[in-house]
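Engineer: Below you will find the structure I want to go over with you.
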Amino acid sequence: MKSILTFAKRKKPGDWARFLLVWAAGLITVAVLLYLVGFIMLKGIPHIKPSLFAFTYTPENQSLFPALVTTVLMVGLTLVISVPFGVFTAIYLVEYASRGSRLVRIIQTTTETLAGIPSIVYGLFGYIFFCDRLGWGKSILAGCFTLAIMVLPLIIRTTEESLKSIPDAYREGSFGLGAGRLRTVFRVILPSATPGIFAGVILSVGRIVGETAALLYTIGSVIKIPESLFSQGRTLALHVFSLANDGLYTNQAYATAVVLLAVVFAINLLAARIERKFINKL
């Protein structure tokens, strides 16, 4: 309310229209989000039963527990593969490569192109290369590498922008104290860019958890707890798709969607807490 009153005192011709448009856009966005979440909650919560969390899936219980285990495993392995490559690539582009060079422009253009490719294309590539050519078959490992390629552009771009936002005075001060480039990057620049890097990781987690098209071709649809990295599996998103597609377990699909939302919220909350603890130690 205070900001609105301050704005009213400083208003200029046309400012009210822009002000109302911004507020309307924000309110519509929040309203749509609340409607979607509320709709899923109302449809799914009444059908959450203990049988949905049984260790094994049967036609009688439609357990989501194997899919939950597979989802957590997929998120962890995909981040282990993609985050180091994404962060180190961004470090090279910002801290080592000549700014504005032809190589940097090529890498940035390639990254932006990869970010716009539909996920189904990634799935076909993963099936042809990882499942067929490398002989991994439909497996957890093939799915993780496919998802890692998908989220790599997002991690590279967010990390790159975070590194660019660090003032050059930080680098100059570190160099002036006698630190080398490598020490400057890992002891001064990266800690300062941690919030932006974590934001990219959190966005990547959301895409990993919600992906279905790419995993249909690479991970299979077997609903069981994976025994190894070469086992087939089914994530929560795939589980929701399969239940809804069958047309026989729509209520269970809504219940699984509620659990999926809870998992995404829990992972984001955990990432935020880790970020705060990391920043407090700096």
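Engineer: For the range 198-210, state whether one or more residues are open to solvent by less than 40 Å² (accessible area, probe 1.4 Å) and over 30 Å from Leu141 (Cα atoms).
Structural biologist: no
Engineer: Return the only residue of Val104, Val121 being of a type outside the set (Phe, Trp, Tyr), surrounded by fewer than 18 Cβ atoms within 10 Å (Cβ to Cβ), modelled with pLDDT of 90 or more and more than 28 Å from Ile225 (Cβ to Cβ).
Structural biologist: Going through Val104, Val121 in turn, just one is of a type outside the set (Phe, Trp, Tyr), surrounded by fewer than 18 Cβ atoms within 10 Å (Cβ to Cβ), modelled with pLDDT of 90 or more and more than 28 Å from Ile225 (Cβ to Cβ): Val121.
Engineer: Among the residues of the range 30-60, write down those that are in a helix (DSSP H, G or I), open to solvent by 30 Å² or more (accessible area, probe 1.4 Å) and either under 22 Å from Val222 (Cβ atoms) or of a type in the set (Phe, Trp, Tyr) (or both).
Structural biologist: Answer for the range 30-60, where residues must be in a helix (DSSP H, G or I), open to solvent by 30 Å² or more (accessible area, probe 1.4 Å) and either under 22 Å from Val222 (Cβ atoms) or of a type in the set (Phe, Trp, Tyr) (or both): Tyr35, Phe39, Ser51, Phe53.
Engineer: Among the residues of the range 152-160, is there at least one that is farther than 30 Å from Ile128 by Cβ and either open to solvent by 10 Å² or more (accessible area, probe 1.4 Å) or at pLDDT below 85 (or both)?
Structural biologist: For the range 152-160, residues farther than 30 Å from Ile128 by Cβ and either open to solvent by 10 Å² or more (accessible area, probe 1.4 Å) or at pLDDT below 85 (or both): absent.
Engineer: Follow-up question, since we're still on this one. Determine if the range 55-73 includes at least one residue that is among the hydrophobic types (A, V, I, L, M, F, W, C) and farther than 26 Å from Ser204 by Cβ.
Structural biologist: yes
The values are calculated or read from the model by the stated rules, or taken from the named source; none is laboratory data. Please read these numbers as outputs of a predicted model, since none were measured by experiment. Methodologically, a virtual Cβ is constructed for each residue, glycine included, from the backbone with ideal geometry; neighbour enumeration extends over all protein chains shown. Remember, those area values only see protein heavy atoms, side chains included, never the ligands or the DNA or RNA. Shrake-Rupley method; radii C 1.70, N 1.55, O 1.52, S 1.80 Å.
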